[in-house]
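**Student:** Sending over a structure as structure tokens; questions will come in a sec.
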Protein chains: 2
Amino acid sequence: MNSSGLDALIEALRCLPGIGPKSAQRLAYHLMQHDRAGAARLGESIQHALSAVRHCQRCNTFTELDICERCASPRRDPELLCVVETPVDMNMMEQTLAYQGLYYVLMGKISPLDGIGPRQLDLERLLTRATDGVVREVILATNYTNEGEATAHYITAMLKPRGIGVTRIARGIPVGGELEYVDSGTLAQALRERKSLGA
Amino acid sequence: MNSSGLDALIEALRCLPGIGPKSAQRLAYHLMQHDRAGAARLGESIQHALSAVRHCQRCNTFTELDICERCASPRRDPELLCVVETPVDMNMMEQTLAYQGLYYVLMGKISPLDGIGPRQLDLERLLTRATDGVVREVILATNYTNEGEATAHYITAMLKPRGIGVTRIARGIPVGGELEYVDSGTLAQALRERKSLGA
């Protein structure tokens, strides 16, 4: 586009995941031509977030406080600690309205292909958090992907010997799911993990 | 994500076209967790572009100068003026290496459904530019969409009475295209606009 400032913007937009050179051009053009107010807001909010947002010292999620509101709330059950991969996953859990305990956000998952092992995830911090003497049960809510499963296995092996109860969220047919459309791996697992029904 | 700075960032990211609430969460998480350097660069380049980038006084494209380098170049043929919808389209034309004239960038197209008519596009500016006494031929390279076609028709009606030659880029089978896979509208048009071959 023959303008170094614009070229720099196009190049910078490519740091967004899923944005290639064509999309970056299109986004830059949109911002400069059709939404300068939005662009200004975006620029400011990025810089504000960079300076203000850090990790909660207890649960590791994003917050602007030392201890996030959820960790500081007296209404949550401190004996339950749910381990999730990302803040987005934590939001999903909250939206169920079915959980009243606390969280620990890994901010990632064990993924050897990306060079992320237990050390990069700083699982020692989770160990310290889970062995605070109050936590009674750690609920592993990592994804049911290979990496999420590996992460869950590692955490289980780390916490079990310390006498902390470790559970995993259930796997099976989704609510409203039809057997015809469920993949066979899920169906096999749902069969293996079948529950006996009460009398 | 329980952090007002992060919520503001998520909200601000939604000004990007094609980014919904889920994608915005994912992008914000990515920027804050995995690419703070990229986020800083993005924030700065948005703010720099907002202050530095404006429109070329001759061709209307984005530039940081009063007159962009291309318009100021003595190597371009000032008798040819190619009209395109966006700076991206201008780049596409340049990449053909088949055009040595100048450009006029509409920064949009006539689109009544979006409330964009000749006045919003400021076609008076194009009229002034095209009737500078130097331009001999205006080449319309707007898209072959309904809006692009309407825009081309309007410009033709505006310029023809002023005695300026107006041409339109050709429509037809793409180079390397196979009839089997070309849509029937394009094929019909290619038939109607068939060229007689030299002896």
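**Student:** DSSP loop (so not H, G, I, E, B), at most 16 other Cβ within 10 Å: list which GluC sites (Glu not before Pro) in the stretch A:158-199 pass both filters.
**Tutor:** Values: sites: A:178, A:180, A:193; in loops: A:178, A:193.
Here the sparse-neighbourhood loop sites are A:178, A:193.
**Student:** Between residue A:22 and residue A:134, what is the spin-label point distance in nm, taking each point 7 Å from the Cα along the Cα→C-beta axis?
**Tutor:** Reported label-point gap for residue A:22 and residue A:134 is 5.3 nm.
**Student:** If each residue's Cβ is checked for other Cβ atoms within 10 Å, how do A:53, A:105 rank with the fewest at the top?
**Tutor:** Values: A:53 21, A:105 24.
Lowest to highest Cβ neighbour count: A:53, A:105.
**Student:** Please arrange A:99, A:29 by counting, for each residue, the other beta carbons lying within 10 Å of its beta carbon, fewest first.
**Tutor:** Numbers: A:99 17, A:29 20.
Lowest count first: A:99, A:29.
**Student:** Sticking with this structure for a sec: To the nearest 500 deg cm²/dmol, what mean residue ellipticity at 222 nm is calculated for chain A from DSSP H runs of n ≥ 4 alone, each contributing -39,500 (n - 2.57), summed and divided by the residues? Don't skip to the answer; put the middle values down first.
**Tutor:** Numbers: 8 runs with 85 residues, N = 199.
Result for chain A: -13000 deg cm²/dmol, rounded to the nearest 500.
**Student:** Right, something else. Compare A:116, A:67, A:173 in a GNM of chain A, Cα atoms joined below 10 Å, and give the one with the largest fluctuation.
**Tutor:** Of A:116, A:67, A:173, the most mobile in the Gaussian network model is A:173.
**Student:** I would also like to ask the following. List the residues whose amide H sits under 5 Å from the amide H of residue A:103, counting only those 5 or more places along or on another chain, with H placed 1.01 Å from N in the peptide plane.
**Tutor:** Those lying under 5 Å, H to H, from residue A:103 are A:82.
**Student:** Something else: More than 18 angstrom separation, counting every C-alpha pair in the stretch A:4-52; what % is that?
**Tutor:** Details: 371 of 1176 pairs.
Cα-Cα pairs in the stretch A:4-52 separated by more than 18 Å: 32 percent.
**Student:** Among A:74, A:112, A:21, which one shows the biggest mean-square fluctuation in a GNM of chain A, springs joining Cα atoms closer than 10 Å?
**Tutor:** Looking only at A:74, A:112, A:21, the largest GNM fluctuation is found for A:21.
**Student:** For the protein assembly as shown, compute the orientation-averaged projected area of the C-alpha convex hull (one quarter of its surface), in nm². Write down the numbers at each step before the final one.
**Tutor:** Numbers: hull surface 117.7 nm².
Result: 29.4 nm².
**Student:** Now a separate question. Taking the Cα-to-Cβ direction at residue A:37 and at residue B:36 and moving 7 Å from each Cα, how far apart do the two end points lie in nm?
**Tutor:** About 3.3 nm separates the two model spin labels.
**Student:** Could you name the lysines in cross-link range of residue B:195, using Cα to Cα under 27 Å and dropping any fewer than eight places away on the same chain?
**Tutor:** B:160
**Student:** If you build a Gaussian network model of chain B, linking Cα atoms that sit under 10 Å apart, which residue out of B:175, B:166, B:135 swings the most?
**Tutor:** Among B:175, B:166, B:135, the largest mean-square fluctuation in the Gaussian network model of chain B belongs to B:175.
**Student:** Using the number of other C-beta atoms within 10 angstrom as an exposure proxy, rank A:90, A:158 with the fewest first. Write down the numbers at each step before the final one.
**Tutor:** On the way: A:90 24, A:158 18.
Lowest to highest Cβ neighbour count: A:158, A:90.
**Student:** When only C-alpha pairs under 8 Å and at least 6 residues apart count, what is the relative contact order of the stretch A:1-64, in percent?
**Tutor:** Details: 33 pairs, mean separation 10.5, N = 64.
Answer for the stretch A:1-64 is 16 percent.
**Student:** Okay, moving on. For the pair residue B:44 and residue A:169, what calculated FRET efficiency results from E = 1/(1 + (r/R0)^6), where r is the Cβ-Cβ distance and R0 = 41 Å, to the nearest 0.05?
**Tutor:** On the way: r = 41 Å, r/R0 = 1.01.
Efficiency, from the Cβ-Cβ distance: 0.50.
**Student:** At a threshold of 8 angstrom on Cα-Cα distance, excluding pairs fewer than six apart, so keeping six or more, what relative contact order does chain B reach in percent? The partial results should precede the final answer.
**Tutor:** Values: 219 pairs, mean separation 25.5, N = 199.
It comes to 13 percent, rounded to a whole number.
**Student:** Let me ask you something else. For the stretch A:60-137, state which trypsin sites (Lys or Arg not before Pro) are in a DSSP loop and have at most 16 other beta carbons lying within 10 Å of their beta carbon. Kindly include the intermediate steps, with their values, before the conclusion.
**Tutor:** On the way: sites: A:70, A:75, A:76, A:109, A:119, A:125, A:129, A:136; in loops: A:75, A:76, A:109, A:119, A:136.
In loop regions of the stretch A:60-137 (DSSP not H, G, I, E or B), the sparsely surrounded trypsin sites (Lys or Arg not before Pro) are A:75, A:76, A:119, A:136.
Read-outs: derived from the displayed coordinates by stated rules, not from any lab. It should be emphasised that the depicted structure is a prediction, and the values quoted were computed from it without experimental measurement. Cβ sites come from the backbone with ideal geometry, for glycine too, and all protein chains shown count toward neighbours.
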